[in-house]
Amino acid sequence: ALTAYVHRGGHHGVRSLSIPDGDECLALLAGEDVAFHQIPPKPGMVTPVAITGPIGGVRYETAGTTSLVCDCRLAVALDRLAPELRSFGIKEVQHSGAYVYRTTRHGKPSLHALGLAIDVHRIAMGKHKLDVSRDYARGRGRTCDEGSPVLNRLACELDRTGLFEQVITPDDDSDHRDHLHLAIRPL
């Protein structure tokens with residue numbers, strides 16, 4: 001069941017605040033069926049991990065390799081998101097990375113610099129692959145209507161989960177013209 005939709009400026013990402021960091025996060029992740037290992041400290045990340053297998057039955061791939069380097073809290077959030085992704089038939093997410101130590105235009109560390117964001121470019125649903133740059137219907141917005149394009153519905157559902165502080169789509173700005181940016185709240 002999804003939580004109620006929260007409008008922009010509201011309480012986006014509040015569900016992610018229940019995910020602890022440090023050893024508590026590692027224990028939560030270890031309790032799930034996720035292949036991972038803790039990695040040496042990286043600037044900005046509290047609990048860096050490398051994911052080496054599916055998260056909740058969904059593979060996260062980049063450059064043809066199953067891998068994801070992120071903060072443990074993002075990995076737990078993606079595990080909590082997995083049932084929603086599977087309900088769409090999504091078995092694989094192709095991303096360009098989660099952890100990248102960089103700043104925002106305002107000079108503050110981005111949520112990628114904290115390992116709390118991921119950029120999704122493509123999804124695989126069985127034999128069908130959808131590419132955000134090609135298959136997200138610009139100008140239609142996030143709509144959960146059954147007849148809407150899959151990626152637009154997915155963006156709407158990602159908002160509705162309450163897990164993400166940021167769900168940025170090609171409709172939001174040109175920097176995100178080819179991907180969905182998902183980020184959880186820092187503690």
Between 0 and 90°, nearest 10: helix 72-87 axis offset from the chain longest Cα axis: 30
Highest first, please rank the peptides 138-146, 113-121 by the mean number of other Cβ atoms sitting within 10 Å of their residues. 113-121, 138-146
Send over a whole-number figure in Å² for the accessible area per residue of the range 83-187, probe 1.4 Å. 47
For the ranges 168-175, 94-101, 149-156, what's the packing order if you count other beta-carbon atoms within 10 Å of each residue, average per peptide, and put the highest first? 149-156, 94-101, 168-175
Where the accessible area of the range 69-187 is counted over protein heavy atoms with a 1.4 Å probe, how much of it, in %, is carbon and sulfur? 48
Applying a 4.7 angstrom Cβ cut-off across the chain, unpaired cysteine residues come out as Cys70
How large is the helix-only mean residue ellipticity at 222 nm for the chain, computed as the sum of -39500 (n - 2.57) over DSSP H runs with n ≥ 4, divided by its residue count, in deg cm²/dmol to the nearest 500? -6500 deg cm²/dmol
With an 8 Å Cα cut-off and a minimum separation of 6 or more residues, compute the relative contact order for the range 132-187 in percent. 32
Compute the relative contact order of the chain as a whole-number percentage, counting only Cα pairs closer than 8 Å that sit 6 or more residues apart in sequence. 23
What FRET efficiency comes out for the pair Arg138/Glu32, r = Cβ-Cβ distance, R0 = 41 Å, nearest 0.05? 0.70
Using alpha-carbon pairs under 8 Å, 6+ residues apart, how would you state the relative contact order of the range 40-145 in percent? 24
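The values are calculated or read from the model by the stated rules, or taken from the named source; none is laboratory data. Just so you know, these numbers come straight off a predicted model, no measurement behind them. Every residue, glycine as well, gets a Cβ built from its backbone with ideal geometry; the counts of neighbours run over all protein chains shown. Only protein heavy atoms, including side chains, enter the accessible area calculation; ligands, DNA and RNA are left aside. Shrake-Rupley method; radii C 1.70, N 1.55, O 1.52, S 1.80 Å.
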